[in-house]
Structure formats: structure tokens, C-alpha cells
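Colleague: Dumping the structure here so I can ask a few things about it.
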Amino acid sequence: MTMTPQPGIMDINLYQSGASKIEGVSEVIKLSSNENPHGPSKRALDAFRQAAGELHLYPSTDHSALRHAIGDVQGLDPERITCGVGSDEIISFLCYAYAGPGDEVLHTEHGFSMYRISALAAGASPVAAPETERRTDVDKLLAAVTERTKLVFVANPNNPTGTMIDETEVARLADGLPEGCLLVLDGAYAEFVEGFDAGQAVIDARDNVFMTRTFSKAYGLGGLRIGYGYGPKEIIDTLNRVRGPFNLSVPALKAAEMAMRDTGYLDWCRAENVRMRDWMTAQLHAIGVKVDPSEANFILARFDDQAQAEAIDAHLKTKGLIVRLVAGYNLPDCIRITVGTEEACKQVVAAIKEAL
Ligand SMILES: *Cc1c(COP(=O)(O)O)cnc(C)c1O
């Protein structure tokens with residue numbers, strides 16, 4: 001028997017996750033997946049452990065307690081939130097619900113690879129619009145929109161560049177889209193930007209903008225797989241039809257709820273990230289390495305060429321330091337480095353100095 005997958009499926013290249021091991025090295029420091037080096041809130045961990053007593057029970061289907069926690073803390077209407085197995089799942093719900101064969105899903109040149117993967121899985125065609133100097137370019141995105149464009153994904157701040165565009169630019173993008181085309185703001189790194197609403201004001205003033213958020217980065221819960229989406233009620237109602245009723249487990253729901261309510265811990269993580277990110281950026285600038293100002297929990301270091309980037313990556317590996325080459329994101333001369341603990345950042349900087 002020969003089974004033929006739906007068109008587009010075999011065009012998907014498997015997602016490349018950040019490496020976590022080095023052959024022959026037992027102690028490694030992983031700075032390749034933008035994880036929180038301090039882990040999750042202690043209160044979230046306690047909630048996770050307590051959930052062990054409830055594992056025989058099915059989880060809530062409507063995620064009411066988590067949606068209300070998010071609503072309380074972020075000032076969002078809980079009725080306009082839906083939760084997913086990471087924001088990856090929200091991205092795929094959006095593609096399944098709104099894009100199919102003949103439709104286009106637009107993203108930025110160096111954009112997150114899940115946009116392309118989810119578009120292809122839904123049978124739609126991914127389209128990349130150029131960025132300018134590793135920054136989202138609203139004019140170039142608008143120029144790439146056609147009557148077939150259904151979704152436009154923009155991560156703000158962006159990964160792997162760390163750059164972002166301001167609210168005026170986001171609003172200009174939203175207002176330039178044709179009827180029947182949804183702007184999706186991927187806020188995976190929004191928590192790292194002090195005072196940033198992740199696009200909430202732009203969303204609340206329109207019916208064609210949506211945001212995805214995650215507990216995987218600033219909240220330190222990447223291993224649990226929890227994300228959410230916020231936007232027009234009509235879109236939430238649509239996504240909830242595509243979503244599996246028990247998509248989030250009891251421990252995931254309980255831990256996320258406590259992580260959201262522990263705002264003190266998030267504030268501390270944000271401050272610590274800024275401190276070490278600025279330190280690492282200044283250190284690299286001082287030795288002539290180019291680094292764009294990052295708003296996220298990683299920096300993108302630019303070297304002379306691909307060979308130099310690869311040589312530095314290889315040297316870091318010998319020290320047990322795992323960072324991320326981003327040739328797959330069309331940035332072959334760059335290395336993305338997650339902001340780690342103070343000790344980890346010091347080791348990375350020392351090793352790059354040595355290699356140069
Ligand atoms: C890490 C990341 C995500 C988060 O994915 P989860 O499925 O929530 O873990 C989403 N978008 C971007 C741009 C990311 O870098």
C-alpha cells in the first residue's frame with residue numbers, strides 16, 4: 001500500500017531545536033533555545049507537584065482558572081483568551097482554521113520556522129517578506145500581501161534577531177491589510193520588554209489583529225508546553241472548535257496559573273535578563289563583534305562570515321557552551337546566544353574572546 005500525504009506535507013523540513021548535548025562533554029551550558037536559565041517560579045513548581053494528586057482526573061476543557069489568572073494579571077478579557085500546548089499549537093490552530101490550499105501565509109524573512117511548517121501542514125503556501133537590516137519592515141510586508149494572503153505572522157520582538165517595531169508601525173501594518181487577512185503578533189518575548197503591552201491596544205481597537213503568548217520563555221516552563229492566544233472573540237470561538245478539548249494537562253494548567261500570578265518572580269527575571277544582556281552586548285561590542293540591540297532574552301552576534309561563525313561555535317562547544325548557529329534562518333554569519341546566568345554569560349564572553 002502506498003499512502004500519499006496531503007499536498008505540502010512532504011515539503012515540511014523538520015523543526016531544528018536547539019542542541020542540548022555535545023559528544024564527549026558531560027557538563028554543558030545550554031544557551032541555544034532561549035530558555036529561562038533560572039527556571040520557573042517556585043510557586044509554579046509547588047503547584048505542579050500538588051497536581052500529582054489529581055492525575056486520575058481529566059483536566060478542565062475550558063481552562064477557566066488559567067484564563068482568569070491571565071486576565072487578572074495582564075488586564076485581558078478572559079473570554080477572549082484560548083490556551084494551547086505552547087504557542088506553537090495556537091499558531092497551528094490559526095493556520096488550520098484560516099489558511100488552506102491556494103491561500104498564502106506571510107511572515108518575515110528571518111521569521112520563526114513554525115509559521116512555515118504550520119502553513120504547509122494546513123495546505124497553504126508560506127511566503128517570506130524581506131526584512132531591512134534584520135528588522136521587520138512594514139512596507140515590505142504590505143507589498144508582499146496579495147488577495148490570497150490570509151495570515152501575517154510577525155514576532156515582536158523577533159526571533160532570532162531580537163529587534164522589534166513600535167506600536168505605530170504595528171498599527172500601520174494592521175490598517176494596511178485587506179479585508180479577510182489577520183495580523184498575528186507573536187509575543188513569545190514580550191515579557192522581556194518593560195512596560196510593553198505586546199500589542200493589546202492595537203488588538204482592542206481592531207478586529208483583524210491577534211496575539212500569541214507563551215509560558216516557555218520568560219516564565220521558564222518550556223518543558224510543560226503552555227501558550228495562549230488573545231484577540232477578537234470571533235477568532236477565539238473559531239480556534240476553540242479546532243482545539244482538542246483536553247489539550248492542556250492538569251499539571252500544566254496549575255503550574256501556568258501560579259506562574260502567571262507570581263509577578264514578583266517575573267519582574268526579577270526581566271531585570272536579571274536586561275542586566276546580563278546589556279553586559280554581554282557591551283563586552284562583545286568592545287571586542288568588535290556586531291550585535292543589534294536586543295529586546296529579548298538572547299542576542300544575535302554577527303561575525304565576519306559563515307566560516308568565522310562556525311569556528312567560534314566549534315570553540316564554544318569545546319568549552320561545553322551550546323549556542324545556536326542560525327544559517328537555517330538565513331543568517332549564516334550569526335550566532336544566537338541565549339542570555340544565561342551571570343556565570344554562563346561570563347564563560348561565553350571569555351570563550352569568544354579566546355576564539356577571536
Ligand atoms: C520560542 C518561540 C515560541 C514559543 O513556542 P512555544 O510553543 O510556546 O514553546 C513562539 N514564537 C517564537 C518566535 C519563539 O521564539
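What follows is calculated from the coordinates using simple rules that are stated; it is not laboratory data. Since this is a predicted model, take the numbers as computed values, not measurements. Please note: Cβ atoms are built from the backbone with ideal geometry, for glycine as well, and neighbour counts cover all protein chains shown.
Colleague: Quick one: which of 187-199, 273-285, 22-34 comes out on top by average Cβ neighbours within 10 Å, and what's the full order, highest first? Write down the numbers at each step before the final one.
Modeller: Numbers: 187-199: 20.5, 273-285: 17.8, 22-34: 15.3.
Highest to lowest by the protection proxy: 187-199, 273-285, 22-34.
Colleague: A follow-up question, please. Along Cα→Cβ, 7 Å out, is where each label goes; now give me the distance between the ones at E23 and D237 in nm to one decimal.
Modeller: 5.6
Colleague: Filter the GluC sites (Glu not before Pro) in segment 118-182 to those in DSSP coil with at most 15 other Cβ atoms within 10 Å of their Cβ, and list the result.
Modeller: Numbers: sites: E131, E133, E147, E167, E169, E179; in loops: E131, E133, E147, E179.
Answer in residue order: E133, E147, E179.
Colleague: Under 19 Å Cα-Cα from K21, which lysines qualify once same-chain neighbours fewer than 8 residues away are excluded?
Modeller: Of all the lysines, those that pass the test against K21 - Cα under 19 Å, at least 8 places apart if same chain - are K30, K317, K319.
Colleague: Percent relative contact order of segment 197-291, based on C-alpha pairs within less than 8 angstrom and at least six residues apart? Walk me through the numbers on the way to the answer.
Modeller: Working: 64 pairs, mean separation 19.3, N = 95.
This gives 20 percent for segment 197-291.
Colleague: May I ask you to order 234-245, 250-261 by the average number of other C-beta atoms within 10 Å around their residues, highest value first?
Modeller: On the way: 234-245: 15.4, 250-261: 22.8.
Taking the mean over residues of other Cβ atoms within 10 Å, the ranking is 250-261, 234-245.
Colleague: Let me ask another. Can you give me the Cα centroid spacing of segment 22-42 and segment 225-286 in angstrom?
Modeller: 18
Colleague: Here is a further query. Work out how much length A271 to Q16 would gain on full extension: take 0.36 nm times their residue separation and subtract the Cα-Cα distance, in nm to one decimal.
Modeller: Numbers: separation 255, 0.36 × 255 = 91.80 nm, distance 2.95 nm.
Taking A271 through Q16 to full extension adds about 88.8 nm, to one decimal.
Colleague: Multiply the residue gap between E354 and L57 by 0.36 nm, knock off their C-alpha separation, and tell me the result in nm, one decimal place.
Modeller: Gain on extension, E354 to L57, equals 101.5 nm.
Colleague: Related question: Counting other Cβ atoms within 10 Å, keep those with at most 13, restrict to DSSP loop, and tell me which chymotrypsin sites (Phe, Trp or Tyr not before Pro) in segment 199-273 are left.
Modeller: Working: sites: F210, F215, Y219, Y228, Y230, F246, Y265, W268; in loops: F215, Y219, F246.
Here the sparse-neighbourhood loop sites are F246.
Colleague: Let me ask you something else. Arranged from highest to lowest average of other beta-carbon atoms within 10 Å per residue, in what order do the peptides 85-94, 339-348, 302-311 appear?
Modeller: Values: 85-94: 24.1, 339-348: 19.1, 302-311: 15.5.
Listed from highest to lowest mean packing, they are 85-94, 339-348, 302-311.
Colleague: What is the calculated FRET efficiency for R148 to T318, with r their C-beta to C-beta distance and R₀ = 35 Å, to the nearest 0.05?
Modeller: Details: r = 49 Å, r/R0 = 1.39.
The formula returns an efficiency of 0.10 here.
Colleague: Rounded to the nearest 20 Debye, what is the dipole magnitude of the chain about its Cα centre when Lys and Arg each give +1 and Asp and Glu each give -1 at the C-beta? Can you show the working numbers first?
Modeller: Details: 34 positive and 48 negative charges, 191 e Å.
Computed about the Cα centre, the dipole is about 920 debye.
Colleague: Taking every DSSP beta bridge with both residues inside the chain, roughly what % is antiparallel (nearest 5)?
Modeller: Numbers: 19 of 39 bridges.
In the chain, DSSP labels about 50 percent of beta bridges as antiparallel.
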